[in-house]
1. Compute the separation of the alpha-carbon centres of the range 15-31 and the range 170-216 and state it in Å as a whole number.
2. Once fully extended, how much extra length lies between residue 159 and residue 346, figured as 0.36 nm per residue of separation less the alpha-carbon to alpha-carbon distance?
3. Just want the answer: with Cβ charges of +1 for Lys and Arg and -1 for Asp and Glu, which residue in 104, 144, 131 is farthest toward the dipole's positive end in the range 93-212?
4. Suppose every K and R has +1 on its Cβ and every D and E has -1 on its Cβ; what is the size of the dipole of the chain about the Cα centre, in Debye to the nearest 20?
5. So if each residue of separation counts as 0.36 nm, and I subtract the Cα-Cα distance between residue 115 and residue 134, what length gain in nm does that give?
6. If you place +1 on the Cβ of every Lys and Arg, -1 on the Cβ of every Asp and Glu, and leave all else neutral, what size is the dipole of the range 211-286 about its Cα centre, to the nearest 20 Debye?
7. So how much slack lies between residue 147 and residue 179, counting 0.36 nm per residue of separation and subtracting their Cα-Cα distance, in nm?
8. In cubic angstrom, how much convex hull volume per residue do the alpha carbon atoms of the range 27-78 span?
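Just so it is clear, none of the values below were taken in a lab; they were calculated from the coordinates. Because the structure is predicted, anything quoted here is derived from the model rather than measured. Backbone-built Cβ (ideal geometry, glycine too); neighbour counts: all protein chains shown.
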Amino acid sequence: MQLSTPQPARHPAPTTRASALAYLIFDRPDLEQAERFLRDFGLHPVAHDGDLLFLRGTGSAPFCYVVRKAPAARFVGLGLQVDRLADLEALSRLPGASPVQAVTCPGGGHRVELRDPSGFVVHAVSGREPVAALPRRAALPLNSADTTPRVNQTQRPPLAPPDVVRLGHVVLELADYQATCAWYTRHFGFIPSDVQVLPDGSPAVAFMRLDLGDAPADHHTLALAQGFAAMYSHSAYEVVDADAVGMGQRLLRERGWKHAWGIGRHILGSQIFDYWQDPWGDKHEHYCDGDLFTADAPTGIHAVSRDAMAQWGAPMPRSFTKPRLGPANLALLLRNLRRSPDLSLRKLLTLARIFG
């Protein structure tokens, strides 16, 4: 497929190369309510001092989720891990970056605070101390037509919140699409794994992975989607197997949380997925069995469509991508239509026709 507009592309000499998505930061008016959902979802509280709540998975990261006490709910930003203090020093020289600072939250280390072109806060972090892994069950052995590892045994996964192993990826919507994609590839070395394009060839979604060289990386750690404003779309958390995804759905449904979409299997990334909304309507995904790529895999280009979202499972509901069009967002839409080079009324109508 020929492209008529520039796409996100790997940078030949990025400022740094991120090695992990370290954590996400949310503002919430009610930390107790946030904690109830996140515990049921499968995260484990690490520290709670009244104004800050840190949660972790079962892996070695000291935390992967931060909730800050604030009057209004919003997504604030993300932390990206880099491996050397020299990487932080290089990032600290970028326009608007903070100096290198010592970190006092769980895991310690140092960080530099930046803002991407869409206004999201980005913490570059280095030197965090890993923690001991929490106990979790092993993946269940599966019998198939070709192999039968389980004989005279039954499968009985526990009825409990599925253990989140780690934070996998975050998806953000942007008005300033090209500038924001270029910022992440230039300064953190992200590689576009797959790009979905509109009929005119302009990019709609870039699924971007970490550059870990010959080591395999998740198909996407950061996905950026064209929208009318800078917004959080969803975040995804790896669980051990498909039974954990299914048990998570059962338990979250029984405890009264709102389902968003699933269970199904994605096409780009191949994850088995299930999406749930937190008390403020923000989507959180359980997933397992995602694709992995080394740095030499080329970028794929695909037409965007509703059918391209899943191989099997229920069709993506229209509510999944329906924007929240209150007065503030309507004002942002009109403002960004006037000023953003990546937005046009025709493009927004095309997106609405595809996903509306």
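1. Measuring centre to centre over Cα atoms gives 17 Å.
2. On the way: separation 187, 0.36 × 187 = 67.32 nm, distance 4.83 nm.
Result for the pair: 62.5 nm of gain on full extension.
3. Of 104, 144, 131, it is 131.
4. Details: 37 positive and 35 negative charges, 184 e Å.
It comes to approximately 880 debye.
5. Details: separation 19, 0.36 × 19 = 6.84 nm, distance 3.30 nm.
That pair, residue 115 and residue 134, stretches by 3.5 nm at full extension.
6. Value, rounded to 20: 440 debye.
7. Here the segment from residue 147 to residue 179 would lengthen by 6.6 nm.
8. So the per-residue hull volume is 71 Å³.
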